[in-house]
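J.: So that we are looking at the same thing, I have put the structure below in structure tokens.
The values are calculated or read from the model by the stated rules, or taken from the named source; none is laboratory data. All figures in this text were calculated on a predicted structure; none of them were measured in a lab. FYI the Cβ positions are ideal-geometry reconstructions off the backbone, even for glycines, and counts take in every protein chain you see. To get the accessible areas, we keep the full protein, side chains included, count just its heavy atoms, and leave off ligands, DNA and RNA. Shrake-Rupley method; radii C 1.70, N 1.55, O 1.52, S 1.80 Å.
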Amino acid sequence: MFKHSKLFGDSSAFDRLISEFELGNPGIRVERQTLPSSSDAQHQFYAINFQARSSAFDVLAVDVIWVAEFARSKWLRDLSHLLPSGEFTAFFSGPTRAVTYEGKIFAIPWFIDAGLLYYRKDLLQQYGFSPPETWDQLVHIARTIVGKETKLYGFVWQGKQYEGLICNALEYIWSNGGDVLHERRVVLDSASNRKALEFMRDLVVSHRVTPDFVTTDTEETSRRVFGSGRAVFLRNWPYAWNLFQQEGSMVKNKVGVALLPHFPGHRSVSTLGGWQLGINRNSLHPEAAEKLVKFLTSPRAQRALSLAYGFHPTRKSLYRETELLQAQPLLGQLHDIFEQARPRPVTPFYIMISQVLQSEFSAVIAGVKPADMALQSAQTRVEKILAHGD
């Protein structure tokens, strides 16, 4: 039994892939069941079933932020033997870091996501700008263009109090040399992190390139603003590209993508997303499960899934294949973005840490609490979480 969220539209291409696996492995039959699309609902399902030591499913699709938690709880099988050193380096480094816990591999990277900057290339060209490399450049470009265009926002992103806010905030923090944890030590209360959060707030109140409603924005609401031609810049995930290029889109052929900006003296960093394949420690069919995981994460399967559904492979070599690049020209640009994508803190306690950061960071963006107070509070609360966990 293979459990996963609803990852596919028309499942026929994936069904053919499963049939191919079954033909190559006589005696193994794969059953699939989909879970609710909500990541929280999926996490709850797995936690309940793992705690009950259920063997009702064998293979599962694991969110990038769950692996350490599931591994510490001894819910996943150790899959280190499936990725010897040479095979390990065939994947992007971000996903391999995310699936590694205490030196062992507990899931195999399946497909990858990362934050990126969308921009109106027609407007930037019209006003003589190149894509921004620093956050200050983004502000300057946005303010200049908004000052000359009507009914246009400068920069939209995900500022609602949810996991998406953490993905955004970490990109400012990391691109200013900051962090949440360093070798299991909490390093939230720092000058670099304070500057990053203050800048996010300033995008709304001082620079005024981000609208007030950012505190309600998710991926889809911000995508719709940009997709309706009402923003110069957008931070979002790669999925939005195909929607912008659809027939009837108001921004079709007007959109470019780039690495997210960074602060001076530092480098661009994107938050890693994506899914991995793990095996239930209580599986009654571990050998068959391993064969399925190896097959679905192979170059052959990742290529097929990319062509059929636009999934982004975790294997770096596929980004050099002409067939894929012709079918999905964006892949050529995504390679460099994925190379520098970074996982959220790889810790068994990430879900609890995220809840703390969501409330504290949201308070800063909304102007309820200054950045220094929010970071001091977050530092204390996260230290208590880790102390209790140890």
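So that you can scan it fast, the table gives a plain yes or no per residue for (1) more than 14 Å from L357 (Cα to Cα); (2) modelled with pLDDT of 95 or more; (3) assigned to a loop (DSSP other than H, G, I, E, B):
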position: D113; (1), (2), (3): yes, yes, no
position: Q125; (1), (2), (3): yes, yes, no
position: F129; (1), (2), (3): yes, yes, yes
position: K151; (1), (2), (3): yes, no, yes
position: L165; (1), (2), (3): no, yes, no
position: A169; (1), (2), (3): no, yes, no
position: N176; (1), (2), (3): yes, yes, yes
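J.: Quick one: in the stretch 120-174, of everything that is under 21 Å from A240 (Cβ atoms) and among the acidic types (D, E), which residue is surrounded by the fewest Cβ atoms within 10 Å (Cβ to Cβ)?
T.: So, considering only residues that are under 21 Å from A240 (Cβ atoms) and among the acidic types (D, E), the one surrounded by the fewest Cβ atoms within 10 Å (Cβ to Cβ) is D122.
J.: Test L203 against the stated conditions and say whether it is part of a helix (DSSP H, G or I) and within 17 Å of L170 (Cβ to Cβ).
T.: Values: part of a helix (DSSP H, G or I): yes; within 17 Å of L170 (Cβ to Cβ): yes.
Yes: the conditions hold for L203.
J.: Quick check on my filter: what residues within the stretch 72-113 are closer than 21 Å to F349 by Cβ and more than 20 Å from the chain's Cα centre (by Cα)?
T.: R72, S73, K74, W75, L76, D78, E102, G103, K104
J.: Can you give me the number of residues within the stretch 246-257 that are in a loop (DSSP other than H, G, I, E, B) and closer than 22 Å to F129 by Cβ?
T.: 5
J.: Could you check how many residues of the stretch 280-300 are over 15 Å from V30 (Cα atoms) and part of a helix (DSSP H, G or I)?
T.: Residues in the stretch 280-300 being over 15 Å from V30 (Cα atoms) and part of a helix (DSSP H, G or I): 2 in total.
J.: A further question on this structure: Residues S206, S192: which one is farther than 18 Å from L117 by Cβ, open to solvent by 10 Å² or more (accessible area, probe 1.4 Å) and touching a Gly at 6+ places or on another chain (Cβ under 7 Å)? Break it down stepwise before answering.
T.: Values: S206 fails: touching a Gly at 6+ places or on another chain (Cβ under 7 Å).
Checking each option against the conditions leaves just S192.
J.: Among the residues of the stretch 153-163, which ones are of a type in the set (K, R) and not in a loop (DSSP other than H, G, I, E, B)?
T.: Start the filter on the stretch 153-163 by keeping residues that are of a type in the set (K, R), which leaves 160.
The answer is none; no residue qualifies.
J.: Can I ask one more? So how many residues does the stretch 194-207 have that are without any contact (Cβ under 8 Å) to a residue 24 or more places away in the chain and not hydroxyl-bearing (S, T, Y)?
T.: The total comes to 1.
J.: Sticking with this structure for a sec: Checking V356 against (1) farther than 14 Å from V186 by Cα; (2) free of Cβ contacts under 8 Å to residues at least 40 places away in the same chain, which test does it fail?
T.: So V356 meets the others, but not (1).
J.: Please list, ordered by first then second residue, the pairs with beta carbon atoms under 6 Å, 6 or more apart or interchain, first in the stretch 243-254 and more than 18 Å from S222 (Cβ to Cβ), second assigned to a loop (DSSP other than H, G, I, E, B) and not aliphatic (A, V, I, L, M).
T.: So the pair list comes out as K252/Q245.
J.: Among the listed residues L234, L197, L260, L277, which satisfies the condition of being buried (at least 21 other Cβ atoms within 10 Å of the Cβ) and part of a loop (DSSP other than H, G, I, E, B)? Spell out the reasoning first.
T.: Working: L234 fails: part of a loop (DSSP other than H, G, I, E, B); L197 fails: part of a loop (DSSP other than H, G, I, E, B); L277 fails: part of a loop (DSSP other than H, G, I, E, B).
Within the list L234, L197, L260, L277, the selection yields L260.
J.: Another one. Could you list, in sequence order, the residues of the stretch 218-231 that are buried (at least 24 other Cβ atoms within 10 Å of the Cβ) and either of a type in the set (D, E, K, R) or assigned to a helix (DSSP H, G or I) (or both)?
T.: Going through the stretch 218-231, the residues buried (at least 24 other Cβ atoms within 10 Å of the Cβ) turn out to be 222, 226, 231.
Once the filter is applied, which keeps residues that are buried (at least 24 other Cβ atoms within 10 Å of the Cβ) and either of a type in the set (D, E, K, R) or assigned to a helix (DSSP H, G or I) (or both), the stretch 218-231 yields S222, F226.
J.: Considering only residues of the stretch 183-193 that are more than 23 Å from the chain's Cα centre (by Cα) and touching a residue at least 12 places away in the same chain (Cβ under 8 Å), which is farthest from L375 (Cα to Cα)? Working first, answer last.
T.: Restricting attention to the stretch 183-193, the residues satisfying the condition of being more than 23 Å from the chain's Cα centre (by Cα) are 185, 189-191.
This time we only want the ones that are touching a residue at least 12 places away in the same chain (Cβ under 8 Å), so: 189-190.
Numbers: D189: 5, S190: 8 Å.
Filtering first and then ranking leaves S190.
J.: Of all residues in the stretch 280-300, which are free of Cβ contacts under 8 Å to residues at least 12 places away in the same chain and open to solvent by 60 Å² or more (accessible area, probe 1.4 Å)?
T.: The initial filter retains those residues of the stretch 280-300 that are free of Cβ contacts under 8 Å to residues at least 12 places away in the same chain, namely 287, 298, 300.
Once the filter is applied, which keeps residues that are free of Cβ contacts under 8 Å to residues at least 12 places away in the same chain and open to solvent by 60 Å² or more (accessible area, probe 1.4 Å), the stretch 280-300 yields E287, R300.
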